[in-house]
1. Return the long-range amide H neighbours of I242 (sequence gap of 5 or more, or a different chain), with a cut-off of under 5 Å between placed amide H atoms.
2. Using the Cα centre as the reference, give the magnitude of the dipole from point charges on the C-beta atoms of region 2-103 (Lys, Arg: +1; Asp, Glu: -1; all else neutral), rounded to the nearest 20 debye.
3. For the chain, set up a Gaussian network in which alpha carbons nearer than 10 Å are linked by springs, and say which option among R98, R75, R41 fluctuates the most.
4. Any chance you could run the full-extension gain for L268 through R16? It's 0.36 nm times the residue separation minus the Cα-Cα distance, nm to one decimal.
5. Would you be so kind as to identify which of F64, S36, L144 lies farthest towards the positive end of the dipole of the chain, taking Lys and Arg as +1 and Asp and Glu as -1 on Cβ and the Cα centre as origin?
6. Using the number of other C-beta atoms within 10 angstrom as an exposure proxy, rank K18, K138, K227 with the fewest first.
7. Taking 37 °C and 0.692 mPa s as the conditions, I'd like the Stokes-Einstein D for region 126-287 in µm²/s, using the Kirkwood hydrodynamic radius from alpha carbon pairs.
8. Mind jotting down the three principal axis lengths of region 77-136 based on Cα atoms? Whole angstrom, largest first.
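Bear in mind that the values in this text are calculations on the coordinates, not laboratory data. As the structure is a prediction and not an experimental result, all values here were calculated from the model. Don't worry about glycine lacking a Cβ; one is built from the backbone with ideal geometry, like all the others, and counts go over all protein chains shown.
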Amino acid sequence: MLEFFSFISVFCTIFRSKSDVVFSFNPKTNLYALLSCSILRKRCVPNVSGVGDADRLSGLVGWFYQIISKFVYSRAELVFFQNSEDLDRFVRLGIVKRNRCEVLPGSGVDLTRFYPKASESGDKAVCFLLACRLIKKKGVEEYLEAANLLAKDGLSARFLLAGVPDFSDRSIPIEHIQSYLIPGKVEFLGHVGDMASLLGEVDAVVLPSTYAEGVPRSLLEGLASGKIIVTTNRPGCRETVIDNENGFVLESTDVVDLYEVFKAVTELDSAKRTSMGLVSRKLAEEKFDERLVISRYLSVAGSPCDLN
């Protein structure tokens, strides 16, 4: 019943819109928007920003999802993907045709809002940040456990966690998160409204995710802000790291592996941390500038494209 009302909400929004083309994103909204636009005879261009929980569907439910996906995606004139692995998977399953697909650099990042700031840390502890929805597959618990190991070993490091619960069976209770906290060492920030300012205080952005990501926004913002990136060898995540040049790629989310990488970051001298941050910024400028994404959307919509 909830899914039906969600579809009706999307349908009514598109019905009231005066636009001839609809851009949608996230797995469920893409399905609802494509179906609505098919009924209303409007153009729809979905953006597959990761496949989310659909990645773990199997059996009859997984088969039904594929059938529905094939039906609605066949009505799209063009489908954007945020990483090539998702594109290849959709083509292999017969959901889309390759000649109607295109990979965009994630959602892009605003390079004027997120940029490297002069470090104010001095000789203070190296600061790590994980910013995400508080669900298990984002690696939240592993991050906190590894942080506790470093704290107990007396290493000079500070670990921040930002995010809100998902309010589902995937979510990690706040009470559980609080059990890991150590004043001055491991801290929970909850919702952060000004991520750009927070990034000015940290040295490394972490996302030990096993989730089916597109290209995570937290990593893009970390890149643009000139931070060291620590993330997993997963589609959408690994695209943000040149291993050992601007960060570190984790082959697993094992707590010991995380501990070793965090320890390695704390042992980098300030010059090396600075040079790695510069590589991150350069990668953001060359590959993930949101103007590249906006330009392509405007081109598809048939609008003038003048972003200078």
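1. Here the answer is G247, since their amide H atoms fall under 5 Å of that of I242.
2. Values: 14 positive and 9 negative charges, 83 e Å.
Using Cβ point charges on Lys, Arg, Asp and Glu, region 2-103 gives about 400 debye.
3. Looking only at R98, R75, R41, the largest GNM fluctuation is found for R41.
4. Numbers: separation 252, 0.36 × 252 = 90.72 nm, distance 5.50 nm.
Extra length available between L268 and R16 comes to 85.2 nm.
5. Checked the options; the winner is S36.
6. Numbers: K18 4, K138 26, K227 29.
Fewest-to-most Cβ neighbours within 10 Å comes out as K18, K138, K227.
7. Working: Rh = 15.5 Å.
Here the translational diffusion coefficient equals 212 µm²/s.
8. Each principal axis gives a Cα extent; for region 77-136 these are 54, 32, 16 Å.
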